[in-house]
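A quick write-up on the structure given underneath.
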Amino acid sequence: MKDVRDFESWDYTQIPLGGVSIEAGNSDDYETGGWRSIRPVWDKDNCTNCMLCWVSCPDSSILVKDQEMTGIDYQHCKGCGICAEECRFEALKMIPENEAEAE
Ligand code: SF4
Ligand code: SF4
């Protein structure tokens, strides 16, 4: 049995990655939204469809159709907050997951 604290003996293919495969092109297969502790909440009325959030999201979780934002993919959004940080129009704010669940 390998001693997990002996990092020098690991190569990159053996590193446990939280259950996510390192193969390319499969991120859609993992519902990484379960990792989230805070979530972005979208205010459609303030949104100008500038797409700053869309280009900034590292998880492709800003949903867009016909060049307009339509929502957030909570199955894959990890709650990093970049979208809310980038939005210039107060159309995204981050709230704790337990508050979202209570709503
Ligand atoms: S919180 Fe992060 S992962 Fe979620 S939609 Fe915003 S930028 Fe994407
Ligand atoms: S950055 Fe803000 S205003 Fe721009 S599309 Fe996203 S939510 Fe809408």
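A few notes on this one:
- Qualifying residue in region 93-100 (condition: free of Cβ contacts under 8 Å to residues at least 12 places away in the same chain, loosely packed, with under 14 Cβ neighbours inside 10 Å and more than 26 Å from Ala24 (Cβ to Cβ)): yes
- Residue in region 63-92 that is farthest from ligand 2 (Cβ to nearest atom), counting only those that are open to solvent by 50 Å² or more (accessible area, probe 1.4 Å), in contact (Cβ under 8 Å) with a residue 12 or more places away in the chain and touching a Gly at 6+ places or on another chain (Cβ under 6 Å): Gln75
- Scanning region 39-69 for residues that are over 10 Å from the mean Cα position of the chain (by Cα), assigned to a strand (DSSP E or B) and closer than 26 Å to Asn98 by Cβ turns up Val41, Trp42, Leu63, Met69.
- Within region 20-49, residues that are open to solvent by less than 70 Å² (accessible area, probe 1.4 Å) and within 16 Å of ligand 1 (Cβ to nearest atom) reach partners that are of a type in the set (Gly, Ala, Ser) and outside any helix (DSSP H, G or I) with beta carbons closer than 6 Å, at six or more positions or on different chains, in the pairs Arg36/Gly79; Ile38/Gly79; Arg39/Gly79; Asp43/Ala91; Asn46/Ala91; Cys47/Ala91.
- Considering residues of region 70-98 that are assigned to a helix (DSSP H, G or I) and within 17 Å of Gly34 (Cβ to Cβ) only, the residue farthest from ligand 1 (Cβ to nearest atom): Asn98
- Condition met for Ser60 (surrounded by 10 or more Cβ atoms within 10 Å (Cβ to Cβ), out of contact with any helix residue (DSSP H, G or I) (no Cβ under 7 Å at 6 or more places or on another chain) and at pLDDT below 75): no
The values are calculated or read from the model by the stated rules, or taken from the named source; none is laboratory data. Just so we're clear, the structure is a prediction, and the values are computed from it rather than from any experiment. Cβ sites come from the backbone with ideal geometry, for glycine too, and all protein chains shown count toward neighbours. What goes into the accessible areas is simple: the full protein's heavy atoms, side chains included, and nothing from ligands, DNA or RNA. Shrake-Rupley method; radii C 1.70, N 1.55, O 1.52, S 1.80 Å.
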